[in-house]
Every structure is written in C-alpha cells, then in structure tokens.
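What follows is a set of notes on a single structure, which appears directly below.
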Amino acid sequence: MEEITRGGQFLVKETKCENVFTPEDFSEEQLMMRDSVKEFVDKEIWPNKNRFESKDYKFTEEMMKKAGEMGFLSVAVPESYGGMGLGFVDTCLVCDYISGATGSFSTAFGAHTGIGTMPITLYGTEAQKQKYVPKLASGEWFGAYCLTEPGAGSDANSGKTKAVLSADGTHYNITGQKMWISNAGFCSLFIVFARIEDDKNITGFIVENDPSNGITMNEEEHKLGIRASSTRQVFFNETKVPVENMLSERGNGFKIAMNALNVGRIKLAAACLDAQRRVTSNAIHYANDRVQFNTPIAQFGAIRYKIAEMATSAYAGESATYRAAKSIEDRINARVAEGTSHQEAELKGVEEFAIECSILKVAVSEDIQNCADEGIQIYGGMGFSEDTPMESAWRDARIARIYEGTNEINRMLSVGMLIKKAMKGHVDLLGPAMKVQEELMGIPSFDTPDYSELFSEEKEMIGKLKKAFLMVAGAAVQKYGMDLDAHQQLLMAAADMLIEIYMAESTVLRTEKLAKKQGEDKVQEQIAMAKLYLYKAVDVVTLKGKESIISFAEGDEQRMMLMGLRRFTKYTNMPNIVGLRETITTKLVAENNYCF
C-alpha cells in the first residue's frame, strides 16, 4: 500500500504539490454536486436572507426539509442507511457551498448532518442505525446534540446531567439541564451526554424528543447572529431512555464528543469558505459601483488593499481545507482497503488528522470574521445598515470562533496533540528538532542560492519556518516537559506559528500544482496570493517566535534562539507586497467577483 502521510507530519516531511488535493482537482461529479448546491442556495436561501434575520425559525425548518428532499442531508451517510455514501471531500464540498448565504441555515445544516447524525452513524449499533439514520438522512427527522451545560462548556466532561438505571434494568432515567442546543426547537431526537453513577467519563444516549417524557425547553435564545438557528435550553426530568439507546459503551461519551468535534472542526472551516467568497464578491461589486471624487472606490489603493487581503485569505482557506479533507479521505480508504469497517475507518481517519482539523477551525473562522469586517468597511456607512448583507455576515461569523471548541482551546489542542503524537512515535519531532539545534551551533552558508524555479525560495522559506517552530517547541518541551499545558500563552503563540505554516504551505502547493498544469502566465494572480500569504505568515512566525523565546529562555540560550529565529525568517529576495496586491486586485475588480 502506498504510504499515506500521517496527521501532523506536514511539519517534518516535505510534501510535493502533486500529492495535495486542490479545488481545481474536483471531478465532474463533484462539480455537478457543487453547482446543484449553489443553485439551491441562490434560489431558496440567498433571496430570503431577511426571513432568517427576522428570526423565522419555521422557515429554517422548511429549508432543511427541502435540503433533505434534494439529498443534501445524506451525502456522508452510507448507502445502506439511505444515504449517498460519498467521500469526505464531497461532504466538505456540500458543507462549503450550502453554508455561505446565512449562518442560520449553515448552523442548522451543520448541527444536523454533523453532531446530530454522525454520532449514530459512527458509534451506533446496527439496530440504532437502521432505526434512526434513514430518517435523519432524508430530513424526515432532525437531530440535535446535547453536550453543553451551564457549568460544562470547554470542560465538556464535567457535565452534571445524570443517567440512573431503573430498578428493572430496562431503561435509564436522565435528569439535567443542557444549553445552547442548536435545532432544539424542531428536532426529533437528541444525542444526550450524561454521567452514570460516579463514572469518570460521561456516556452518550439517543433520546427521542417526546415532551410527555419529561422533556421541556426554554424559549428561543436571542443571539447576536445566526438569528433563525433554533437555539434553546433543554431540560430532562426523569426522562426514560431504553437501555438499548445507549450510544457505544458506558463511559465512552467523552470520546464520542471529542471525535464528533474533530469532524465538526474541519466542516466548520468548510462552512466559512463560501461565506468568504460571497462577502468578497459583494464588496467588489459595491467598490466598483460606488463613486467618490468622480472615481469608483475600487480604484483607491486603500480599498484595493482590503480586496486583495480578503481574496487571499479565502484562497488560502480553500487550499488548506481541501488538502486536509483529501488526506482524511485517503486515510479512511486505506483503512477500508485493509478490511476495517467503514465506521471504524472514518473514526480513525478523522482522529488521525485532528491537529489539522483544529488548525483549520481557528484559521478559517478568524479569516471570515476579518473578511466580513473589511466588507463592512468597504461599504462604509451602508455596511452598518441591515439593508446590506455585510452586517449580518459579520454577526453570523462571530459564533464560528466559539463553537466546535473555542479558538483558544483549539490552539492549545493543536500543539498538545502534536506533542502527544511525537511521544507515541507517530510523528518524529525529536530528530528534526535536534538537527535544528545542531544547525544553530554551526556556521550558516553564505552561498547564493538558485531561486530561478517558481516558488523555490518560498518553499525554502516554509522549510525554515518549520525549523523555527521545531526550535521553539523543542526547547519549550525540554524546559517544561509534561507541565507545558500550564503555560497557555506559550502554547497559543506556538499554535499561531503552526497554523501559519500549514496554511502557507497549502497555498503554495496548490498554486505550484496549478502553475504546472496551466502555465505560470495563466495563474499570475494565484502566484501573487501565495506569495502574499507567505509574507504575512513569516511576520506572524517572527512575532510569535520572539514572544515564545523571551517567555522561557534567558542569557546565551535566548540570544542563540533569537539569532536562529532571525535566520529562519529572513528572505533573500523580499517580495514587493504592494505589487502583489495590485496584481490580485486588478483581476478581481475586472471580473467583478471572487474568481479563483
């Protein structure tokens, strides 16, 4: 079997552009699926944004039913349970293009297809899957996920909801309070997490939504954004749940919750992509139409700066998300080929790339917020008005940094999981980190390198950024060992270095592959975006690397590491950033939309 890169190995293994999947690699079937989803959104969702913004919850439910009729809710469900049984890339593709018009529908769709359906598909018994999954796949039923409690948010395993076995052993009585439950107002079943006796870990249950069975709800929450996404508190009072509705094994709920979140994180990144495209396109339309000082504002350098940055972050997000999605799909297929069940293969495939899932969740959720913010700024006063699409995009974007694990949690998780993988021997960080230390002690080369090939300097720079991360992370682990978790600001800074490395490399590799296929002259704007993203990534690595080093190193060690950081973040040929932005914006303004 061909060797497949493991999660986190991007940091220590060179990846060739031919080995990454990009949006330009979509098959005819995938393009047809994409166009079908876009047609649905453009016809049914986008023209009715005002209904979502006016908290029309019934309309959200109506649109979910239509999505079910179109088959969009069943993409990831195996054919044996009424689904399409498509691959992980297809799942992300549908999630991407169905989510861009409004965060209300995006949240309802994501909560149902992901954390509402997936735990049963991946952890359910055959009887559970046969009973529930076909109804969820068709949209006859909708699912919701009850994990968060007033005292249990990021610390998901600390929930107080109790499950008590009945005297006759036929059912559990569940009692407790859950909050921020998406789809609660129209769901047919809940995935509920509760603790049995004094178990260390929570347990998952499938609970049908029957108000006569001790289930009550508060009114809809009034939220900053995602206004027509049904969000309620749910109360369980001696709710009877048959023992056969336990999901997986007793005490396995925390694992179910964490793996569901891993999938949710990459799908959340995908769900932010078309939102960025739409915001960017709308901003370009407005900038071309709005005339000030007898000139369309799209011709002003301050506006062109914003358009270039917005498009570049969207392009980078696409590059990294689909790269990771295909890595996961390849891992799943490899395990299936070895004889593993699809259920186990998908679980392990996603778990393998949990680091990349956390990276993407953070990067893309912050990019859509910045993109929407700049969109408002380009619209000026009109951007602050509910009559334009920018303010709702900004409000909807804000939740993406909170759910599926806050970005702070995900930053710390990405570095923490990488170190754990290294300790298990799944990723060799120690060897490369030791080589970086030896390199620091040696005399640097003063030879003039040959950078005649496209991206030769950029790829060398990415390699140096990896060395900078290994230098910082290696020294931090040596200093703090297992106590590194207690140094959260250091972990956060290291995570920002890690995130920028993956995003920049994905963008460069996508563009290199595209240039080889179409010719450099045909993709000058994409080349400019890849170089622009890397330039900014180098700045982040420099800043966060310096912050990290100064936080734990002193004296000669600090001086040596700061010298190394300067070496690893130094360009030989600094790109003309203003020129790159001009190249990008000229194309976008001429096309009058995001066109990559």
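Quick notes
- Across the stretch 160-251, Cα-Cα distances exceeding 15 Å account for 58% of all pairs.
- Of 223/546; 178/267; 421/517; 255/531; 65/129, those spanning more than 30 Å from alpha-carbon to alpha-carbon: 223/546; 421/517; 255/531
- Acute angle (nearest 10 degrees) that the helix 253-289 long axis makes with the longest principal axis of the chain, alpha-carbon atoms: 60 degrees
- Put simply, when 344-350, 578-584, 183-189, 148-154 are sorted by average Cβ atoms within 10 angstrom per residue, most first, you get 183-189, 344-350, 578-584, 148-154.
- 48 Å tail of the calculated P(r), the chain, as % of Cα pairs: 13 percent
- Computed in the context of the full set of protein chains, the accessible area of the chain at 1.4 Å probe radius has 51% of its extent on carbon or sulfur.
- Cross-link pairs exceeding 25 Å in C-alpha to C-alpha distance, out of 466/544; 326/513; 459/516; 160/361; 135/240; 348/536, comprise 160/361; 348/536.
- MRE, 222 nm, helices only [DSSP H, n ≥ 4, -39500 (n - 2.57), over the chain, to nearest 500]: -19000 deg cm²/dmol
- Here is the list for the stretch 147-236: GluC sites (Glu not before Pro) lying in DSSP coil, each with at most 13 other C-beta atoms within 10 angstrom of its C-beta, are 197, 219.
- Bridges between two residues of the stretch 118-214, per DSSP, are antiparallel at a rate of about 65%.
- Cα-based helix-to-principal-axis angle, 301-337 vs the chain, degrees rounded to 10: 60 degrees
- Listed values for the stretch 508-522 are Karplus-derived 3J(HN,Hα) couplings in whole Hz (6.51 cos²θ - 1.76 cosθ + 1.60, θ = phi - 60°), namely 5, 5, 4, 6, 4, 4, 5, 5, 5, 7, 9, x, 4, 5, 7, and x replaces Gly and Pro.
- For q = 0.13, 0.14, 0.24 Å⁻¹, Debye-computed log10 I/I(0) when each Cα of the stretch 229-321 counts as one equal scatterer: -0.70, -0.74, -1.18
- Reachable aspartates and glutamates, given that their alpha-carbon falls under 18 Å from the alpha-carbon of residue 587 and they are not under 8 places away in the same chain: 289, 309, 520, 521, 525
- Near the amide H of residue 143, within less than 5 Å, lie the amide hydrogens of 188, all on another chain or at least 5 residues away, with H placed in the peptide plane.
- The stretch 1-35-the stretch 39-90 distance, computed between alpha-carbon centres (Å): 26 Å
- Loop-located GluC sites (Glu not before Pro) in the stretch 430-527, at most 12 other Cβ atoms within 10 Å (DSSP): 453
- Per-residue SASA entry for residue 322, accessible area with 1.4 Å probe, Å² rounded to 10: 0 Å²
The values are calculated or read from the model by the stated rules, or taken from the named source; none is laboratory data. Since we're looking at a predicted model, the values are computed, not measured. Here the Cβ is made from the backbone with ideal geometry for all residues, glycine too, and neighbour counts use every protein chain on show. Only protein heavy atoms, including side chains, enter the accessible area calculation; ligands, DNA and RNA are left aside. Shrake-Rupley method; radii C 1.70, N 1.55, O 1.52, S 1.80 Å.
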